[in-house]
Amino acid sequence: MNVKPSTRELALGAAILTPGSAREYHTGGWRTFYPKTDEALCITCGLCWIFCPDACRVITKRENPIPGVLPDYYDFNPDYCKGCGICAQECPTGAIRMIEEGAP
Amino acid sequence: MTFETRRRIGIEVSIAQAEAVKLCRVDGIAAYPITPKRTSSSISRKSSPKGISTRNTSPSNPSIPP
Amino acid sequence: MSACVGLSATGCRTFTATSSQGLALMHEILFIVSAMRLPIVMATVNRALSAPINIWGDLSDVMANRDIGWVQLFGNNGQEVYDLTPCCFKIAEDRRVLLPVMLNIDGFTLSHVVEPIETLTQQDFDDFLPPYEPAQRLDVNQPISMGPVGPPDIFTETKKVHDDALVASRIVVNEVLDDFGRRFGRSYRAVEEYQTDDADVLLFTIGGTLGETGHTAVDALRARGMKIGQVLLRLWRPFPFDDIRRIFTGRKAVIVYDRALSVGGPGGPVASELRAAMYGRPDAPAILSLIAALGGRDVRAVEMAEQIENAVRRAGEGEYPAYEMVGVRE
């Protein structure tokens with residue numbers, strides 16, 4: 001839900017009129033900090049993927065892959081990552097830092 | 001107790017209100033089981049176990065016997 | 001009340017009645033009904049809340065439910081209760097309102113007395129109250145979710161919508177009461193006045209028991225030469241600030257009788273609302289809050305007249321407490 005409804009746009013009694021619309025509701029909007037992965041430090045161990053409570057760690061292609069060794073790294077899914085910071089806490093190489101949304 | 005014409009009657013206020021509710025053609029009333037002491041036996045039998053009587057299950061609307 | 005939520009959500013015209021502990025027990029659901037905009041009508045027979053166990057009349061139950069977001073009306077005698085019942089449905093179901101309506105009736109002294117009632121016919125009711133057409137309802141062919149989660153990013157907006165709707169329902173309340181008066185010759189208003197035209201002192205009451213006893217007290221005091229009138233509050237929510245300010249501005253004193261006590265707070269709930277309405281306004285009257293008739297205790301008109309005289313005298317001397325419980329043995 002990128003555009004938040006105004007008082008005039010809410011349905012009567014805040015009812016949900018479209019079935020299955022929960023699919024369109026992205027809990028990533030609750031996030032204050034997002035986890036930024038430093039590609040160079042990520043060893044693709046997958047610990048962040050194991051620990052993530054929202055299954056938001058996703059395999060992503062490297063911009064500069066190391067052929068045959070490390071083609072991918074773990075990034076976050078912005079739609080559902082709530083910014084809990086567990087991945088940053090657990091990362092053994094310190095590749096993940098929590099950055100405030102909208103920070104310069 | 002529904003009359004063809006308007007008239008003046010002596011009646012307990014709680015019963016007068018129940019009568020007014022009946023005339024409003026309500027579809028459903030939720031009532032605590034001890035409340036309908038004056039409900040006719042036919043309506044009591046047809047009431048659902050949770051005490052909800054609806055127009056569909058009771059031919060004459062709830063609460064007050066004729 | 002949860003059963004009523006289900007009934008109403010499926011598009012049924014729904015009614016229930018409760019009282020005292022029963023109202024307290026359903027407190028949680030009352031907010032849900034109004035925020036979900038279900039036009040349920042409920043009669044609340046006002047009685048005291050325990051402890052000590054007390055089944056008799058006062059307004060503790062409704063006053064603990066001021067902020068549930070319902071339209072709250074008071075019927076002061078049997079005829080009013082009968083007449084206001086269809087009005088409640090008409091207000092609740094109006095597309096500009098779509099809020100539950102509570103009709104308050106004084107316990108025992110009104111609910112369980114036999115009174116002469118002018119009845120109306122089924123045709124009268126049908127002409128006045130059209131068949132219920134729900135604005136939205138649960139329907140397997142057009143599925144919707146009612147009462148979902150409202151996270152922090154929309155909750156404030158839902159409260160604003162609710163508040164706007166309740167405040168705006170004032171207009172519909174007046175329209176419906178006027179419509180009833182035109183059709184059947186019995187007119188009701190959000191705030192009723194009795195002998196107020198030339199009054200310096202006003203008695204302000206809510207509920208039938210103090211209201212009708214108050215009439216007798218006012219008549220007695222008028223016979224003794226006091227320029228007193230009475231104001232009866234019929235519409236408790238939305239609180240009719242404009243009427244209240246129009247009526248009370250420029251009077252010398254107001255004696256407010258409350259049948260409930262905000263323990264450890266500002267005293268009587270009605271008095272505290274009146275003070276909020278009049279605060280900081282020029283020509284605001286002295287407001288004296290008296291608490292009486294709790295838990296079914298009778299207040300006779302002679303006692304009321306004495307209490308009013310006493311309060312007015314003390315107001316003249318400028319010495320009166322924020323509130324006072326009258327008729328209490330100390």
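The values are calculated or read from the model by the stated rules, or taken from the named source; none is laboratory data. Keep in mind the model is a prediction, meaning the values are calculated, not measured. No Cβ is skipped: glycine too gets one built from the backbone with ideal geometry, and neighbour counts run over all protein chains shown. Note: areas computed on protein heavy atoms with side chains; ligands, DNA, RNA excluded. Shrake-Rupley method; radii C 1.70, N 1.55, O 1.52, S 1.80 Å.
Would a scan of the stretch C:122-144 turn up a residue that is open to solvent by 10 Å² or more (accessible area, probe 1.4 Å), small (Gly, Ala, Ser), assigned by TED's automatic domain parsing to the domain that holds residue C:32 and over 28 Å from residue C:260 (Cα atoms)? So far as the stretch C:122-144 goes, yes, one or more of its residues are open to solvent by 10 Å² or more (accessible area, probe 1.4 Å), small (Gly, Ala, Ser), assigned by TED's automatic domain parsing to the domain that holds residue C:32 and over 28 Å from residue C:260 (Cα atoms). The residue that is farthest from the other protein chains (Cβ to nearest Cβ), counting only those in the stretch A:30-50 that are polar (S, T, N, Q) and surrounded by fewer than 19 Cβ atoms within 10 Å (Cβ to Cβ), is A:44.
Would you confirm whether any residue within the stretch C:249-266 is open to solvent by 30 Å² or more (accessible area, probe 1.4 Å) and among the charged types (D, E, K, R)? Checking the stretch C:249-266: at least one residue is open to solvent by 30 Å² or more (accessible area, probe 1.4 Å) and among the charged types (D, E, K, R). If you check residue C:3 against the conditions, is it without any contact (Cβ under 8 Å) to a residue 24 or more places away in the chain, at the interface with chain B (Cβ under 8 Å from one of its Cβ atoms) and not in a loop (DSSP other than H, G, I, E, B)? Yes: the conditions hold for residue C:3. Applying the set (1) of a type in the set (Val, Ile, Thr); (2) part of a helix (DSSP H, G or I); (3) open to solvent by less than 30 Å² (accessible area, probe 1.4 Å) to residue C:161 leaves exactly one unmet item: (3). Residues of the stretch A:64-104 that are within 13 Å of residue A:37 (Cα to Cα) and assigned to a strand (DSSP E or B): A:72, A:73, A:74, A:75, A:76, A:96, A:97, A:98, A:99.
Consider the stretch C:284-304 and keep the residues that are out of contact with any Asp or Glu (no Cβ under 9 Å at 6 or more places or on another chain) and part of a helix (DSSP H, G or I). The one that is least open to solvent (accessible area, probe 1.4 Å) is C:304. Under the condition of being under 24 Å from residue C:50 (Cα atoms) and within 13 Å of the chain's Cα centre (by Cα), the residues counted in the stretch C:228-259 number 3. Just one of (1) within 11 Å of chain B (Cβ to nearest Cβ); (2) at positive phi fails for residue C:89. It is (2).
Which is open to solvent by 30 Å² or more (accessible area, probe 1.4 Å) and outside any helix (DSSP H, G or I), of C:246, C:281, C:314? Unique residue meeting the criteria: C:281.
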